[in-house]
Amino acid sequence: MELAEIYLHDERYQKPLQDPATERRIGSGLFWPGARELLRHDIEATGATHSAVLPQGNEHNIAGLFVSAPLTRQQKRHWLDRTSESNQFDWLEFLVLCLPDPVLLLPPPPLEFLARYTEQLDPALTEPAPFRLKLWTRQCDRMREFADRLGMPVLELPASVFSPAGFLAEDCYGNDPTHANEVYGERVLTALLERSRHAAKRKRRAGSTHPYTTLPDHCFWKKAVAGSDPATFDPVTKPPFLIGPTTRIAAAGSCFAQHISHHLRAGGYRFMDMEPMNGGGADEGQLFSARYGNIYTARQLVQLFERAFCDFVPVTRAWSRPDGRFCDPFRPNVEPDGFATDEDVIEAQQEHLRAVRRMFEQLDLFIFTLGLTECWVARQDGAAYPLAPGVAGGQYDPAQHAFVNFSVAEVVADLDRFVVALRNVNPEARLILTVSPVALAATAEDRHVLVSTTYSKAVLRVAAEEIVRKHQGIYYFPSYEIITGPQAEGRYFAADKRSVSDKGVKHVMGVFMSRLTMGRGMDDSVADAMRDAQAKVEIFCDEELLSR
């Protein structure tokens, strides 16, 4: 397949900018009267059937390496956003109308080590590598947003151009710290040509044109599900972001969420542990990012955030136990031996919430696994508990406690409240939502537990979709679909037909690590570490107490 190049900064397109009467203040001469016809004529002359465009350069490097005045990091991010907003969308909108089957190319990632370029750099104006990587990620996110608004596909960079740490690969370095070299260009063009070949093949196969003619294989059940290999089934398509080795990751949720934390740690990623045990032993403090235990519902999650930031103080803050000890109602099994007094519970609770607050303020990525819609709450203030009073502490009183089974609207409202609150204190936070494939251990509804399980998972899946569509920077990872889909043929459940088997966990986490992590993916060292981690996993699950 031949390549043809149209250089959009050719003076034939740009020269009319010298006439103020024809300038649209966009910064591009492509908008002068007649430029569209000229560009279309030049494109048609090449005979091209596909096109690619890089509408901006390495603005992330300008913000991270070459700023003319001292700026705060927040000001640099603002400059990057403003530059993208003012320069990108109108230009892309113009090009989409002129180019055949356009695809958007992302800029190359930054260089991790700059020692060879010290003569070209002012060290006082050079940001550390992790922050420059964040700026690149931010620019790519903005470009994806604009492309999505125009229905324009994005060509994600091939893994071969990344270093193990997620920066530019060493053999892709250019002659200056802001550009890649010919090796990088060859690898990106190879990926682009491969995409063009597949698109052309689909069009030739289709024969006629309709909305489904050029859709990729993953859009068709026959090819993506019926024709798939169950052992390698992968329903992930276009993650809006990737997890890098410097990404500060926190996780919470149901029992299944703990597998994610184990495997990210084993893969060498930066999993946050804000509240380690004094003795260094392994319990829920290591399974999650703080010692909050299982958070099954969206209501528990948003209330945890509000308690950490003092926006909600429950009336009941300690439960008594039959053995005379006390426990925390919101994490009743965090201390198996309990506390001597209710004051001890409150003191430990305050220390815990301070750790949770730091976690939310510092994280880059929050992974939350939705587990249940059924919940027990205090009638007086609506405080939501992970377990019914009386199971692991406290005393059940119908006058004081109520059972609720949240609807789609209620789960969406709780998740939305959490996202807004989190981004008020941490504007750059991203989220990955998943739905646990683990069935309910018991239901408080007067109906079959399988029917309650089906309701609960359907509600959570729809709510996750609503939140992903409403907010940028949130991705739904299909762990539920990998385990429960018909392609799995039930092989991923343990003997109890509820718990996920080791084979199922391995499949889910293999897809997660290979598709959502940057640089390393599932190389041999990560695979070995994941196997070791899986062998040591002891899942901490409050809900299991309901079956005892």
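Just so you know, all these numbers are worked out from the coordinates, no wet-lab data involved. These numbers were taken from a predicted model, which means no experiment stands behind them. Cβ coordinates were reconstructed from backbone atoms using ideal geometry, including for glycine residues, and neighbour counts include every protein chain displayed.
Points worth noting:
- Overall shape of the stretch 265-414 was characterised from the C-alpha gyration tensor. The equivalent ellipsoid obtained from it has semi-axes of 24, 21, 14 Å, in decreasing order.
- Here the Karplus curve 6.51 cos²θ - 1.76 cosθ + 1.60, taken at θ = phi - 60°, turns the phi angles of the stretch 369-382 into couplings of 9, 6, x, 9, 10, 7, 7, 10, 10, 7, 5, 5, 10, x Hz, with x standing for Gly and Pro.
- Residue exposure sequence - Ile260, Ile483, Ile43 - by fewest surrounding Cβ within 10 Å: Ile43, Ile483, Ile260
- Euclidean distance between Cα centres, the stretch 144-168 to the stretch 331-389, Å: 38
- Legend: residue pairs Lys223/Lys470; Lys223/Lys503; Lys223/Lys506; Lys134/Lys503; Lys238/Lys506, Cα-Cα distance threshold 26 Å; pairs beyond threshold, Lys223/Lys470; Lys134/Lys503.
- As a proxy for reagent exposure, His60, His78 were ordered by neighbouring Cβ count within 10 angstrom, fewest first; the result is His78, His60.
- For Val435, distant residues with modelled amide H under 5 Å away: Leu370, Ser479, Tyr480
- The H on the amide N of Ala494, modeled in the peptide plane, is under 5 Å from the matching H of Ser499, Val500, Ser501, each at least 5 residues off or on a different chain.
- Near the amide H of Arg430, within less than 5 Å, lie the amide hydrogens of Leu365, Phe366, all on another chain or at least 5 residues away, with H placed in the peptide plane.
- Gyration tensor verdict on the stretch 287-373 (Cα atoms; rounded if a/c is under 1.5, prolate if a/b is larger than b/c, oblate otherwise): prolate
- Taking one quarter of the surface of the C-alpha convex hull of the stretch 115-261 gives a mean projected area of 13.2 nm².
- Per-residue packing, averaged as other Cβ atoms within 10 Å, sorts the ranges 383-395, 336-348 into the order 383-395, 336-348, beginning with the highest.
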